[in-house]
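Scroll down for the structure; my scribbles are underneath it.
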Amino acid sequence: MRLIAVFLCALLALPALADGRGGADQQARLKEIKQRIESLQKELGQVRSQRDQLLKDLEDNEKDISELHQRVDQIKNDMRSRTEKLQKLKSEQQQLEESRRSMQRRVEQEVAAAYRLGKQEQIKLLLNQQDPQNIARQLRYHQYFLQERSRVIDDYLDTLTSLHTVSDNIQRERDTLDSERQQLENREQRLVGARRSRQATLDKLAAQLADKSGQLQQLKGDRTRLQKLVDEVGRAIASLVSPHDEQPFAKQRGRLQWPVRGRRANAYGQQRDNGLTWKGISIRANEGTPVHAIHRGRVVFADYLRGQGMLVILDHGDGYMSLYAHNQSLTRSLGEWVERGDVIARVGNSGGLDHSGLYFEIRHRGRPQDPTVWCR
């Protein structure tokens, strides 16, 4: 929620809202929305009982896990880049070393030739020649030889300098890789601890929700929170100008791809054991599987929401939104525009799930839509 407020403040600077035509009114409107969303965030995050405290602990655990996963992914990507760079540097070092050996032989030959001729090279040439034209020609040739000898030596020295620089760069990259390996090991150890803490919190929650009425109460609370969020976001973005889309969402019925491949665990509208009905589709998938945007849109929410875990909401314009819940980590930030097929998150089990998967919804003006009608 807090991130929505930050996003809305950033939008104040958009030309579409500050072009002199009602810009002040738009800014006042966005400030009002910011205050309303901050108030809602406080309401949703308020701790009222032991169960709420456990849910808050679960939220903290899963946020920590999500951040650790993001950092681990960043370190792994950086290590891959540095490993590739290190291989290129080693190849360059090998080529320079071969050039150095070849040039060293050439320099040795030039030095030996200069030693044999001695210091009186030009005088000897003059004394050994009697034809003035031949003397001039021999002097020019001699100058060419001297210039070439100088160039060979300079090239050799440049190669030695380059070889030294590359060797230093290789050592620096190796040191950085060693440091990143240590960071990665530390993060992975923290991940193990964070998962244990999460499981302990889940066990405590399960004991409190042993009866059906407790489970139903929590599910109803989760659904209410999600609906409040969707309604508030819908009102917040209603007055914001969106770029023209050549492929409006409303015309994509039956053409969209599913956000992730996997087994669908329920049908839209299907009744659950607790009497509630499914408003979206749960897709079982392996943890860490990329989650893709189903259509072009703007990220209007990218944060943790109780009951939904790490949640992404995309606004597709004309009142259409898509929701992606229970993610392991988020790869897009609030306010970013994404294209169809872009990776926006990775599958997880946040929000208290005992398995990995994605919960997916499509909504129009806040009302759930059947995803199977939209996705082929």
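Residue count for the stretch 314-338, restricted to those that are touching a Gly at 6+ places or on another chain (Cβ under 9 Å) and farther than 18 Å from Arg198 by Cβ: 11. The residues of the stretch 281-301 that are at pLDDT below 95 and over 14 Å from Val347 (Cβ atoms), listed by number, are Arg296, Gly297, Arg298, Val299, Val300, Phe301. Open to solvent by less than 10 Å² (accessible area, probe 1.4 Å), of a type in the set (A, V, I, L, M) and modelled with pLDDT of 90 or more - does that describe any residue in the stretch 239-252? Checked against the condition, which is being open to solvent by less than 10 Å² (accessible area, probe 1.4 Å), of a type in the set (A, V, I, L, M) and modelled with pLDDT of 90 or more, the stretch 239-252 yields no hits at all. Residues that are aromatic (Phe, Trp, Tyr) and crowded, with 18+ Cβ neighbours inside 10 Å were ranked within the stretch 319-376; the one that is farthest from Thr224 (Cα to Cα) is Trp374.
Checked against (1) open to solvent by 20 Å² or more (accessible area, probe 1.4 Å); (2) farther than 27 Å from Asp57 by Cα; (3) in contact with a helix residue (DSSP H, G or I) (Cβ under 7 Å, 6 or more places away or on another chain), His295 passes all but condition (1). Look at the stretch 301-335 and say how many of its residues are touching a strand residue (DSSP E or B) at 6+ places or on another chain (Cβ under 7 Å) and in a loop (DSSP other than H, G, I, E, B). Qualifying residue count, the stretch 301-335: 7. The single residue among Ile123, Ile75 that is at pLDDT below 65 and in a helix (DSSP H, G or I) turns out to be Ile123. Taking the stretch 84-110 as the range and being surrounded by fewer than 15 Cβ atoms within 10 Å (Cβ to Cβ), touching a helix residue (DSSP H, G or I) at 6+ places or on another chain (Cβ under 7 Å) and under 16 Å from Asp175 (Cα atoms) as the test, only Lys90 passes.
The values are calculated or read from the model by the stated rules, or taken from the named source; none is laboratory data. Model, not experiment: these values are computed from the prediction. Cβ atoms come from the backbone with ideal geometry, glycine included; neighbour counts cover every protein chain shown. Ligands, DNA and RNA are excluded from the accessible area calculation, which covers all protein heavy atoms including side chains. Shrake-Rupley method; radii C 1.70, N 1.55, O 1.52, S 1.80 Å.
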